[in-house]
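Accompanying notes for the structure given below.
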Amino acid sequence: MPDAPAANPMSVLLDFSAQDLFASYQQRDYDAMSKQLLAVLDYLRDTTFQGLDAKTVHALNAFAKHFFYFFTQEDFSPSDAHLEHFIARNAVIANLAAMTEFGSTDPFVQILLGQSRNFLKLLAIYSPRNRLHVEPRALFNTNSTLATKWYFACVENYRSDCADQATLEKLRRHIRYEDDRMSGELGASHHTYFGATYIDHEHDYLVKQRINRLFQSTPISRRQIVNRPKAGKIAVLTSMWWPGQSVYRSQQPFINHLAKTHELVLVHLGHKRPDLDTSVFSEVRHYSASANASDLSAIDPNDFAMAYFPDIGMSIESLILANMRIAPIQVSNYGHPVSTFGAKIDYWIGGRDTEDPDRARDHYSERLVLIPGCAQAPVPITHPLSYPQLPDTPVLIDCSWAGQKINDDHLRRLAEMVRRVRTPVRFKFFPGGSILENRYLPLKKSIEAVLGAHRVQVFGSIGYETYMTELEQAHFALDAHPFGGYNTAVDLLTLRKPIVTLEGNRFYNRSTAYLLRRVGLDELIAANAEEYIELGVRMIDDVAFRDRMVRRLKIADLSTTVLSHEHVPAFVRAVDHLLAHHDELSRQPGRDPILID
């Protein structure tokens, strides 16, 4: 492992010594070289630049020059343990190249391809950012365990890479690749599991099925859990239960209402946090795979009648446990609104107004349980509205899309709007936490390449109040596609910002349309890409139309529409129905949706 960073973290980069590296190389002390290089890579993983001054540019170029030079020396042969650490930092290395004059690692991949003993080094620096292509099957032919580690590690930049056309296509080819020899380290697999939907929402089920099978074949997932169910006792297994987090914001009213009539146990997944909301739970337990994956004392033994998972795929722990039988009834919901496609989850609680029952078998491996509304319950924002004075031009447009939702396909639709409008525009992007680990600058560059730097403002790391204030400083908003945003739509409508959305056939691209219909803004719902572009153009150029949408939203009663909790009791009725009738339901042939009034 690399040495601990210095007291001043920045000094790890600024004080990088090429002389020390040369000295270690001459002495053939490859482990010392590896520690020095990994220390800088870890600094770049833990620190995100939102701008580069001349000093930092020089330091990055100097480090990258020496790193790639020595890494591609044929006689540079670190221990396998150190090389595995380099493979785990595949995404960091790709971001390093993107922030320097090299742009990508293509020249160095080309050099390695001409060398012997290049396999482990190739796994460290070859990623979807490369324009050169290395056939994955050749990598698996060499060492399937390490190739599996690479397969998952190099997808971690999905949060920024979908914005680049060529990289998005390579990501899509990557996740579609199947190899029965995948095995070994699954620690980074949740990035691929979670990211697959943003990369290719029509084929994500292939990835999820594959990863579920991998987990179900491990000794941990095959472990038989001792369960003696107690009537009405439910475990809520989540890594996201604190105020402000998106899963919490759309699920907390459900859980609070459920706690009135059921005994709830919070099983917090991942590292312990001081800000968890534990107020309605009779007990709090913790499971951290990084601390000790085999320590299942949080769930074994247990007396849960039901295990409820709000956010499968957002942590490695959720994948481990969702592929085990913890309780006789296992349920999920829209915390992250995508089916597990093959984990050991029995039911999915969805919304009647955001699901197409005829597509249930295609969209869910779980049996769909439909309750009135959209099966979400918002926690209202606390930001006070200021109704700022906005300029006539440019028209300011909110694109409050997490980085993984910013894809080249949708950016091209915005570019077509720009081509058609008469009025100057500026798009405001809010990628949020996806810009960490130095994804910000590559993402910004990709967006600017499509829309023009003078037309975009890409925000880096900003606090909640700044975020909400900036959202207010816009004329209207555009929804992401194919993966829209429920919480962001609630925020924008609460701020009285109309949203143009492209409605699809799944919850994650129907929830904004549901909310718009609730407030009488059906006119802003597009049925296809051309309608979406035309609606965007109209909102930009037709001031009277835009003002009419704003006025209509200002007089809407949000408490009975967007912010309504009228369907919260239906969630509890759904849970009670499953608890009472699971044995009968499990014997029924087929997976027709279950309707709850």
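If neighbour count is taken as other Cβ atoms inside 10 Å, put 408, 46 in order from fewest to most.
Starting with the residue having the fewest Cβ neighbours, the order is 46, 408.
List, in the order given, every pair from 149/170; 260/497; 233/405; 35/405; 121/272; 428/554 whose Cα-Cα distance in the structure shown is over 26 Å. Mind showing how you got there, number by number?
Numbers: 149/170 18 Å; 260/497 35 Å; 233/405 37 Å; 35/405 35 Å; 121/272 35 Å; 428/554 22 Å.
Those over the limit are 260/497; 233/405; 35/405; 121/272.
Go through [x] 27.1; [y] 25.1; [z] 31.4 and flag the label whose value is the computed mean projected area of the Cα convex hull in nm² for this structure.
Computed from these coordinates, mean projected area of the Cα convex hull in nm² corresponds to label [x].
Between residue 385 and residue 580, what is the label-point separation in nm under the 7 Å Cα-to-beta-carbon projection?
Result for the modelled spin labels: 4.1 nm.
Quick one: which residues, 5 or more positions from residue 500 or on another chain, have an amide H under 5 Å from its amide H? H modelled 1.01 Å from N in the peptide plane, none for Pro or chain starts.
Counting only residues 5 or more places away or on other chains, the set is 477, 478, 479.
Rounded to the nearest 20 debye, what is the charge dipole size of the chain about its Cα centre when +1 sits on each Lys and Arg Cβ and -1 on each Asp and Glu Cβ?
Roughly 340 debye, rounded to the nearest 20.
Any idea how far the Cα center of segment 573-595 sits from the one of segment 97-168, in Å?
Cα centroid of segment 573-595 versus Cα centroid of segment 97-168: 46 Å apart.
Where in segment 329-361 does the label zone of residue 517 land, with the point 7 angstrom along Cα→C-beta and an amide N cut-off under 13 Å?
351-357
Could you please rank 58, 475, placing first whichever residue has the fewest other Cβ atoms within 10 Å of its Cβ?
On the way: 58 12, 475 22.
Neighbour counts put them in this order, fewest first: 58, 475.
Between segment 530-545 and segment 433-510, how many Å separate their Cα centres?
18 Å
Given axes a ≥ b ≥ c from the Cα gyration tensor, I'd like to know whether segment 92-198 is rounded (a/c under 1.5), prolate (a/b larger than b/c) or oblate.
Details: a/c = 1.68, a/b = 1.03, b/c = 1.63.
Because a/c hits 1.5 or more and a/b fails to exceed b/c, segment 92-198 counts as oblate.
Starting from the Cα of residue 409, step 7 Å along the direction of its Cβ; do the same at residue 284; then give the gap between the two resulting points in nm.
Once both label points are built, they end up 4.1 nm from each other.
Starting from the Cα of residue 55, draw a straight line to each of the lysines and keep only those under 22 Å, dropping any in the same chain fewer than 8 residues away.
Within the straight-line limit of under 22 Å, residue 55 reaches these lysines: 65, 444, 445.
Mind giving me the FRET efficiency for residue 294 and residue 422? R0 is 56 Å, r the Cβ-Cβ distance, nearest 0.05 is fine. Working shown, then result.
Working: r = 63 Å, r/R0 = 1.13.
For R0 = 56 Å, the calculated efficiency reads 0.30.
Non-local amide H neighbours of residue 368 (under 5 Å, H modeled in plane, Pro and chain starts lacking H): which ones?
So residue 368 has HN proximity to 348, 594.
Sequence gap at least 6, Cα distance under 8 Å: using those rules, report the relative contact order of the chain to the nearest whole percent. Walk me through the numbers before you get to the answer.
Details: 1067 pairs, mean separation 76.4, N = 597.
Once divided by the residue count of the chain, the mean separation gives 13 percent.
Under the definition of Cα pairs under 8 Å and six or more residues apart, what whole-number percent is the relative contact order of segment 447-597? Could the numbers behind the result be given before it?
Details: 136 pairs, mean separation 26.1, N = 151.
Once normalised by length, the contact order is 17 percent.
Residue 239's amide H: which non-local residues (gap 5+, or another chain) put their own amide H closer than 5 Å, with H modeled 1.01 Å from N in plane and none for Pro or chain starts?
269
At residue 464 and residue 561, where each label point lies 7 Å from the Cα along Cα→Cβ, what is the point-to-point distance in nanometres?
Distance between label points: 2.5 nm.
Arrange the following residues from fewest to most other Cβ atoms within 10 Å of their Cβ: 437, 101.
Numbers: 437 20, 101 10.
Starting with the residue having the fewest Cβ neighbours, the order is 101, 437.
Separation of segment 214-289 and segment 75-89 by C-alpha centroid, Å?
With segment 214-289 and segment 75-89 each reduced to a Cα centre, they are spaced 37 Å.
Read-outs: derived from the displayed coordinates by stated rules, not from any lab. Note that the structure is predicted; figures quoted are calculated from it, not measured. No Cβ is skipped: glycine too gets one built from the backbone with ideal geometry, and neighbour counts run over all protein chains shown.
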